[in-house]
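Here is the structure we will look at.
Computed from the coordinates by the stated procedures, all read-outs in this text should not be read as laboratory data. The model shown is predicted, which means the values in this text are computed figures rather than measured ones. Please note: Cβ atoms are built from the backbone with ideal geometry, for glycine as well, and neighbour counts cover all protein chains shown.
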Amino acid sequence: MFAGSSLFFWLLAALGALVLPWHMQQEGVGLAGLMAFGQADPEAASAIWQALAHGRFWFWPVVAGVLLALPGALPLGPAARRAQFLLAGGGLGLVAIVAQGLAIGIGGWSFAWMEAAFGPLDDRQFGIGLGGSLAFLGCLVLVTDGLALRGLFKGDRFVSGAVGVLFASILLFTAWPVLNVLGQIFTPQGELDAMAALGTRLFDQKIWGLGCVTASVNCGVFWNTLLLATSTASAATLLGLCFALIVTRARFPGRRAMRLLTVLPIITPPFVIGLGLILIFGRSGVVNQMVETVFGWELGRWIYGYNGVFLAQVFSFTPTAFLVLIGVVEGISPSMEEASQTLRASEMRTFQSVTLPLMVPGLANAWLVVFVESLADFGNPIVLGGSFGVLSTEIFFAVVGAQQDFGRAAVLAAIMLLLGLGAFLLQRAVVGRRSYVSVTGKGDVGLPTKLPRPVRLVAFAIAIPWAILTVVVYSMALAGAFVRVWGRDWTPTLSHFARAFAIEWAADGRMMFTGGAWNSLLTTIQLAAIAAPITAAIGLLAAWVLTRQRFTGRTTLEFSLMLTFAVPGTVIGVAYILTYNVPPLEITGTAIILIACFVFRNLPVGVRSGVAAMSQLDKSLDEAAITLRASTFRALRTVVLPLLKPAIVTALVYSFVRAMTTVSAVIFLVSAEYEMATVFIINRVINGDYGLAIAYCAVLIVLMVATIGLINLLVGRRKLGRRAAAPVGAPA
Amino acid sequence: MTTLPKGRSATVRLSGIGKRYGEVRAVKPVDLVIEGGTLVTLLGPSGCGKTTLLRMIAGLEQASEGRLYIGERDVTLLPAGARNVSMVFQSYALFPHMSVLDNVAYGLISSGLRKREAHARAETTLETVGLKGFGTRLPSEMSGGQQQRVAVARALVLEPEVLLFDEPLSNLDTRLRRTMREEIRALQQRLGLTVVYVTHDQSEALAVSDKIVVMRNAEIAQAGTPAELYTQPASIFVATFMGEANHVRAEVEQVEEGVARVALGQLRVELPARGFSPGAVDAVIRPEAILAGPPGEGLPATVARATYMGAHREYLFATELGELFATAPSRLPPLVAGQEVGLALDPGGVVLVRP
């Protein structure tokens, strides 16, 4: 197969370096522009032509590397010699591409010391484009081919290529931006030098101040965030536990309906709850108005601030905790509880001394999951926070506010990153010890013990009102879409939908999307639809590499993949604009930056569901395919992939839905051309235009439910015959 | 039955092949020649490295040292698909989402055959293993023995130079196991295949092999024909692993022309000296070589336990050599626990061994 040979990738690299325009073209590339060898405009020329005709000497090493790799790419001669050419040529090419990109930017030399060493450079370059990207990819694969020829990765070119591409993409789109943020902490500010600027930023009263304890001023945002995340996590875990116990252990008619709760956080944009709370408890909310008319009291603005954000987050994240804890409660082997009962323990004693202790690691895990979610939440604090600042909103204001203080944003992001990483490491430690969960392959017999009466009463007393309240909040939130002005004019109307999604026919019969929301909605769907398959593909590839291959650096790859999960969205957003608004990768304002953000934010979920499914797939299936002379790629395509359909669905659904509902990272990355639905809605909310915002949310939710159905239909089910039809559990 | 073309079987030569994971040695460097057209068994307890060795021949693991030749070709660095070997997995590893015919044709299509031709040849091979007409079924719709045959057919259809079996019978019940091992042996002899066969079951190994390689602690303990291993074990381990054996201490009194006179308690037996010189030695006694007679003759013993096993009886005798385990055909008059007897030994079932 030619498309898989080294020569193919050499041609790719050669095309990138010799023919195609190296830099990104502002107006896009037309067909004529593709032939960039011989272009008069240096910015539109290929690398070799820029070097030949425009005196851009820094492209000579790139060209040299590509040419040097040619003898290795041809399928001639001994493997060892080919490997040498590939490694030397591809390696030189890669290093040269990265070095020239980092060294020379829009203002000549990028670093002062280079200017001092080589004298000023009166030339400049913009970010890399088609040619540069292809050359980079080509050189990368040439290097991995060389490594495989050397006998690494069992001599398997596909595996070495996959590992190379995974490492490179994580470096490019996660490690580099995050490290860049940390580097920005040291940017000099005014006349302060790096260290002094760092000092002022780091020990800012606005971050660490404890004024709220001693006086009636606001505390620092760090303490606010910590307080909010801790209290949200505790409350949501407790509520989630009550729900999980009722659903799994009590006889209760509404159990199935309760399980539906777990789907809510996946398909609702994160600030819907915040909106619902405003409509109930806000100044013109239902409760406030009723209290005012009945008792004549002004309840005021109590919902804005810590109270409101806390409530909204508990509503939002209880289902998440619930989802985690269902698995935990169901994972406890009934035979342990039965053993306890045969040892003459009462129901209560069994619950206290067996069931509850067995759940402790699971509870801790749920707590940490919610903690991180609360930390990263941007939607609710921005809607309800008022003057109660948390890290995510402060970062946002530091970037978009009047000050445009990237240094401050970087410091805040770094603190947030450390909090997130801390929780992540703690979680790994907790879950790593989870030897308690006793799921055996044998299928436990026995019935789970009934809940002791006091526990059952408490669980019901807490969970039922909360479930009702959740439904009320959601329905209020949705009802807001159908009245003219909430709190003042209750006339039912569809005008909000009309404003957002009106379609008119022009005189010549063309359809015109005149509603204000069409642009952002179509963009969102389009980008989410592009990002979802990429996420699923990379995620499953990574999962396959991690579970099925042994190579040096495997644990590093696994850890760095999982680490991307711990980086809060706001940090990613800031990191991306800081990193990608200057060459060599100048993609701010394009669709690429949004897609990259979706892909690398949601990648860990794809990896996780892939790993879970893969570990239930007998390893000898792929080995059988390999010994049956299938190439690694064929084995993957014909054996592994068809058996992984449930995981594919999970990854596709999750990444699509998350791409549609995410706010935190995206809010930094949108541009006039590429506006996202959630950002559009947030802006409406900030302007007080709740009706349209809610109408939009409703449409999004309906759309996502439809998409989930569609994806399930398209990917289809596995055909395994009747006896092997055991379901493969793919956690969301 | 139709037969497949013979004569592609190749000799496998392992020259210093070894595998280490970091500090751990999974297989110490091994030299071994597997003659073309023979069935060689790798036998050993779990964790002895036999499966790793097999997987290195298959190309599923890469050897950390040494060279591997199949025929005249050095395949050490070749990936599994390029080695012209195929393998039958312990779990069969039939692709559950493909029909039986697609499973068997998979390797042919991988090798670039047209689908129609591949299916025709797969059909022929299914016939060879006695599964004509089962092609449209899914693997899950077949019994364990049939699945096993599909796995064999799938490996066989590629006409590999070497066919590898990784504990192929461990998922079958006892009766089926016996039938299948005979089928595999018959197929191997009919087609003249080179087969490497991994098992931990010594009776299976004895039944199917031209040559058995006993492995222990990541290295070869002894290699030879089944009879050699049973009658002339090189060590106590091999002796006790190849069937039941009583390990006793003995005394070589004198050696003359390769024959040693050995004292076993009061008994005196003449045995092949196997290079031992006079002095204390280790000896193993097969249970069927212990013959009970009336008290007063031979080695005095008391029956400590007697168990009826159907075709034979099992006895545990208390003697001055220690407890001895023995078997006797059921048609002989039974002994009862507590009875005094005198034991004689059949020299054919007694061997001097190194520890």
Just subtract the alpha-carbon distance of A:TRP176 and A:MET562 from 0.36 nm times their residue separation and send over the number in nm, one decimal. 137.4 nm
Computed about the Cα centre, the charge dipole of the stretch A:78-197 from +1 Lys/Arg and -1 Asp/Glu charges at the Cβ has a magnitude in debye, to the nearest 20, of 800
Distance between the C-alpha centers of the stretch B:239-264 and the stretch A:234-309? Whole Å please. 85
For the stretch A:9-114, what are Rg and Dmax over the alpha carbons, in angstrom? 15.1, 46
Any chance you could list the semi-axes, whole Å, largest first, of the equivalent ellipsoid that the Cα gyration tensor gives for the protein assembly as shown, using √(5λ)? 66, 41, 28
Residue mean of other protein chain beta carbons inside 10 Å, B:50-62: 2
Rank-order A:144-155, B:152-163 by packing density, defined as the average count of other C-beta atoms within 10 Å over each peptide's residues, highest first. B:152-163, A:144-155
Hey, what number do you get for the protein assembly as shown at 222 nm if only DSSP H runs of n ≥ 4 count, each worth -39500 (n - 2.57), divided across all residues, to the nearest 500? -16000 deg cm²/dmol
Here the net charge surrounding B:LEU54, from other residues whose Cβ is less than 10 Å away from its Cβ (Lys, Arg +1; Asp, Glu -1), is -1
How well do other chains shield peptide A:629-640, expressed as the mean number of their Cβ atoms within 10 Å of each residue Cβ? 4
Per DSSP, the loop-located GluC sites (Glu not before Pro) within the stretch B:37-121 having at most 13 other beta carbons within 10 Å are B:GLU72
Mean separation of Cα pairs under 8 Å and 6+ residues apart, divided by the residue count of chain A: what relative contact order is that in percent? 14
Hey, which of these cross-link pairs are over 26 Å Cα-Cα: A:LYS450/A:LYS645; B:LYS50/B:LYS132; B:LYS19/B:LYS211; A:LYS619/B:LYS211; A:LYS154/B:LYS115; A:LYS154/B:LYS132? A:LYS450/A:LYS645; B:LYS50/B:LYS132; A:LYS619/B:LYS211; A:LYS154/B:LYS115; A:LYS154/B:LYS132
Please find the FRET efficiency linking B:GLU251 to B:ARG354, where r is the Cβ-Cβ separation and R0 is fixed at 22 Å, and quote it to the nearest 0.05. 0.90
Might you report the magnitude of the Cβ-based charge dipole of the protein assembly as shown about its Cα centre, with Lys and Arg at +1 and Asp and Glu at -1, to the nearest 20 debye? 2100
Dipole magnitude (debye, nearest 20) for the stretch B:249-302, charges at Cβ of Lys, Arg, Asp, Glu: 140
Rounded to 5, percent antiparallel among DSSP beta bridges of the protein assembly as shown: 80
Restricting to Cα pairs below 8 Å that are 6+ residues apart, what does the relative contact order work out to for the stretch A:3-160? Please round to a whole percent. 30
Spherically averaged projected area of the stretch A:294-418 from its Cα convex hull (nm²): 12.4
